[in-house]
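Everything below concerns the one structure shown next.
What follows is calculated from the coordinates using simple rules that are stated; it is not laboratory data. The structure displayed is predicted, hence computed values, not measured ones. Cβ coordinates were reconstructed from backbone atoms using ideal geometry, including for glycine residues, and neighbour counts include every protein chain displayed.
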Amino acid sequence: GDGWPLAGTLLVAVAASMVAGGEDCLWYVDRNGSWHPSFDCEFFTFCCGTCHHRYCCRDPLRLLTERQQRHCLVF
């Protein structure tokens with residue numbers, strides 16, 4: 001019944017926040033000490049990888065949020 005439009009709206013909102021969440025790759029320094037500039041990921045992709053190696057992907061298990069990336073800069 002009436003719950004489906006709400007559930008659909010909620011699902012779209014969650015998906016949109018994941019896609020448009022601004023999870024682009026921030027600048028970083030790799031293990032060799034080389035600096036890499038920040039870069040934007042294409043639509044429906046986000047920053048993946050580690051503190052020392054970043055790339056764009058669609059796998060949410062490899063997602064590296066901007067918060068996690070900033071944490072890398074501190075350590």
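Full-extension gain between residue 35 and residue 50, please, as 0.36 nm times their residue separation minus the C-alpha to C-alpha distance.
Result for the pair: 4.0 nm of gain on full extension.
What do you get for trypsin sites (Lys or Arg not before Pro) in region 19-75 restricted to DSSP loop and a cutoff of at most 10 other Cβ within 10 Å of the site's Cβ?
Values: sites: 31, 54, 58, 62, 67, 70; in loops: 31, 58.
Of the trypsin sites (Lys or Arg not before Pro), the ones in loops of region 19-75 whose Cβ has at most 10 other Cβ atoms within 10 Å are 31.
Please list, in order along region 33-41, the HN-Hα scalar couplings obtained from phi with the Karplus expression 6.51 cos²θ - 1.76 cosθ + 1.60 (θ = phi - 60°), rounded to whole Hz, x for Gly and Pro.
Whole-Hz 3J(HN,Hα) from phi for region 33-41: x, 7, 8, 10, x, 5, 8, 8, 8.
Label points 7 Å out from Cα along the Cβ direction at residue 42 and residue 27: separation in nm?
Rounded to a tenth, the inter-label distance reads 2.6 nm.
Return the sequence-ordered ³J(HN,Hα) values of region 58-68 in whole Hz as given by the Karplus equation 6.51 cos²θ - 1.76 cosθ + 1.60 applied to θ = phi - 60°, using x for Gly and Pro.
10, 8, x, 6, 9, 4, 10, 5, 4, 4, 4
Name the long-range amide H neighbours of residue 48: under 5 Å, sequence gap of 5 or more, or other chain; modelled H, no Pro or chain starts.
The list, which skips near neighbours in sequence, is 55, 56, 57, 64.
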